[in-house]
Amino acid sequence: MKVLVIGGNGRVGSLLVDKLAAQYQVVAGSRSPKPEKNLDNIEHSHIDLLSDIDTIAKSMKDVDVVYFVSGSRGKNLLQIDLHGAIKSMQAAEKVGVKRYIMLSSIFALQPERWKESFLSDLTDYNIAKHYADLYLTTQTQLDYTILQPGALKEEQGTGKIETNVVNPGSNSIANVVDTLVAILENHSTIGKVILMHDGDTPIIEALHQIK
């Protein structure tokens, strides 16, 4: 299986590439690919989300799965977090990729929660994530999974999370990455929007508890 990680040089993406490479052939896609590791099963590819759909689609040749974990960190929300994400979905469909896994943000599809204190300063970010998630779930035929964690922390992973959450909590990046990997291996996650935070349930078990 060949897996493309869009945002492969980011905080989440770089760790995700390494984890996936233990099992799959991986393409680490980013605007400024910087190959730090020359592993046989990791290929580095230039992907500029500001480019057109056809150009993005070229990076998906022979790819079976697309992960979208890219983000502008607030610098270009419309063109990267929103339109760039949607163009990657359109490119995937254009070349026949079916499996698409999106890293989003807690309550992105629940705008009634955005005025709560933990999200009140992130409205523009939430809007971008909202419409990207909405497009994926309603305007594509992709076999999608959307993972919506709360705040990301650079902490040691525990391998334990909670899903079906109603209140936000912190997430170690390692736990988010391990959950993203486990999603690919669990077909019951297809068509699901998964809210998560660090917790006490082993990741595999937590994914089986998704409603």
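Just so you know, all these numbers are worked out from the coordinates, no wet-lab data involved. Values in this document were obtained by computation on a predicted structure and should not be read as measured data. With ideal geometry, Cβ positions are generated from the backbone for all residues, glycine too; neighbour counts draw on all protein chains shown.
Rounded to whole numbers, the Karplus 3J(HN,Hα) couplings from phi for the stretch 74-89 are x, 8, 7, 4, 5, 7, 9, 5, 9, 5, x, 4, 5, 4, 5, 5 Hz, using 6.51 cos²θ - 1.76 cosθ + 1.60 with θ = phi - 60°, and x at Gly and Pro. Globularity index of the stretch 1-83 is 1.03 (Cα radius of gyration / 2.2 N^0.38 Å, N = number of residues).
Extension gain for Glu116 to Ser188 (0.36 nm times residue separation, less C-alpha to C-alpha distance): 22.8 nm. The structure shown yields Rg and Dmax of the Cα atoms in Å, and of the options (1) 19.8, 66; (2) 18.5, 58; (3) 15.8, 47 that calculated value carries the label (3).
When you filter the trypsin sites (Lys or Arg not before Pro) in the stretch 98-206 for DSSP loop state and at most 10 other Cβ atoms inside 10 Å of their Cβ, you are left with Lys115. Return the whole-Å distance between the Cα centroid of the stretch 30-101 and the Cα centroid of the stretch 154-208. If you average the Cα positions of each part, the centres end up 23 Å apart.
For the stretch 6-69, relative contact order (Cα pairs under 8 Å, six or more residues apart, normalised by length) works out to 33 percent. Using the Cβ-Cβ distance between Tyr135 and Val166 with R0 set to 35 Å, the FRET efficiency works out to roughly 0.90. Phi angles of the stretch 119-136 translate, via the Karplus equation with coefficients 6.51, -1.76, 1.60 and θ = phi - 60°, into HN-Hα couplings of 10, 5, 8, 10, 4, 4, 4, 5, 5, 4, 5, 4, 6, 5, 5, 5, 4, 4 Hz per residue; Gly and Pro are given as x. Count the DSSP beta bridges whose two residues both fall in the stretch 2-208, then state the antiparallel fraction as a percent rounded to the nearest 5. Antiparallel bridges: around 15 percent, rounded to the nearest 5.
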